[in-house]
Amino acid sequence: MAQKKRLRTWVKVVIVAIPVIAGIVCLIVFGFKLKDIHYTSDLNQFTKEEVQAYLDANDINNSFTLWFRDLIGKEKEIDLFEDYDVSFESITRLKIEAHEKQFRGYIKNDKQFYCFDEDGKLLKIAQEKVKDKPKVIGLTITNANLYKKIKVSNPKQFNAVLQVANGVSDYDFVVKKILVDKNCEVSIIIRKVRVDLGTTTNLKKKLSDLNDMSNNLKKYKGTLNMKFVNNEGKYILKREKKDDKSQNIVKKQ
């Protein structure tokens, strides 16, 4: 008799619990539909509208799940950000505070500026020139979709550019342009000096040496050949002047 009574009690609990659970699920799914965001960031590379467009394109449309995953440290990966924090302003509006991914460079294409990250993903199509980021010259874009890796006619060229773009980001010298030729040899422009790095072989050492010399390069105009060193273990800088062209040895520091 007691067992039957307990069974009836459990049945009643289950009958009550099912609609309650269903109601909670419906509330989470439909009641927490993300309709608006309040967006702040460190770099201000992206507008609120661009972030909202990314969320829509990737079906990130539930404010509760986005907030809860952030709460438990299982954040939804967002290609625009290194990391981010989420808080509620209402059940349909979230505040997103982001540490944005830095652009590694941009490619000018049809009077627009295609900004890419360390993996070559297209993060933004800007209508104006991007400040303080290197312009890439020598690549031919064949297909470009937001949040996907840019496709070019010669992928090996792009891979070489990415290695250089990612490598120079570790240093303070400012690169204005990255140039790549059909042989995948790369040059960079720093102030008034063209630095011929050649292939990406020993790139880390070349960039470290370049960093050591970067302050001395400020007073020169010309081409620094870093494809190899001479017998004295030095790189050659060919200086350019209006009425004279000469060679100068730049020592590794």
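Some points to look at:
Table: residues versus (1) over 20 Å from V175 (Cα atoms); (2) part of a strand (DSSP E or B).
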{"position": "K74", "(1), (2)": "yes, no"}
{"position": "Y84", "(1), (2)": "yes, yes"}
{"position": "H99", "(1), (2)": "yes, yes"}
{"position": "F103", "(1), (2)": "no, no"}
{"position": "I107", "(1), (2)": "no, yes"}
{"position": "Y114", "(1), (2)": "no, yes"}
{"position": "D119", "(1), (2)": "no, no"}
{"position": "E128", "(1), (2)": "no, no"}
{"position": "D132", "(1), (2)": "no, no"}
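- Output for the range 38-69, where each listed residue is over 17 Å from the mean Cα position of the chain (by Cα) and among the aromatic types (F, W, Y): Y39, F64, W67, F68
- As for the range 134-156, it holds at least one residue that is open to solvent by less than 50 Å² (accessible area, probe 1.4 Å), of a type in the set (S, T, Y) and more than 28 Å from I236 (Cβ to Cβ).
- Residues within the range 157-170 that are open to solvent by 60 Å² or more (accessible area, probe 1.4 Å) and either of a type in the set (S, T, Y) or at pLDDT below 95 (or both), tallied: 1
- The range 145-189, residues that are small (G, A, S) and over 15 Å from the mean Cα position of the chain (by Cα): S153, A160, S187
- Check on K48, among the basic types (K, R), in contact with a strand residue (DSSP E or B) (Cβ under 8 Å, 6 or more places away or on another chain) and modelled with pLDDT of 90 or more: yes
- A53, sole failed condition from (1) over 27 Å from G120 (Cα atoms); (2) part of a helix (DSSP H, G or I): (1)
- Enumeration of residues in the range 175-193 that are buried (at least 20 other Cβ atoms within 10 Å of the Cβ) and not aliphatic (A, V, I, L, M): S187
The values are calculated or read from the model by the stated rules, or taken from the named source; none is laboratory data. Quick caveat, the model's predicted, so the values are computed rather than measured. Neighbour counts run over all protein chains shown; Cβ positions are idealised from the backbone, glycine included. SASA here: full protein model, heavy atoms, side chains in, ligands and nucleic acids out. Shrake-Rupley method; radii C 1.70, N 1.55, O 1.52, S 1.80 Å.
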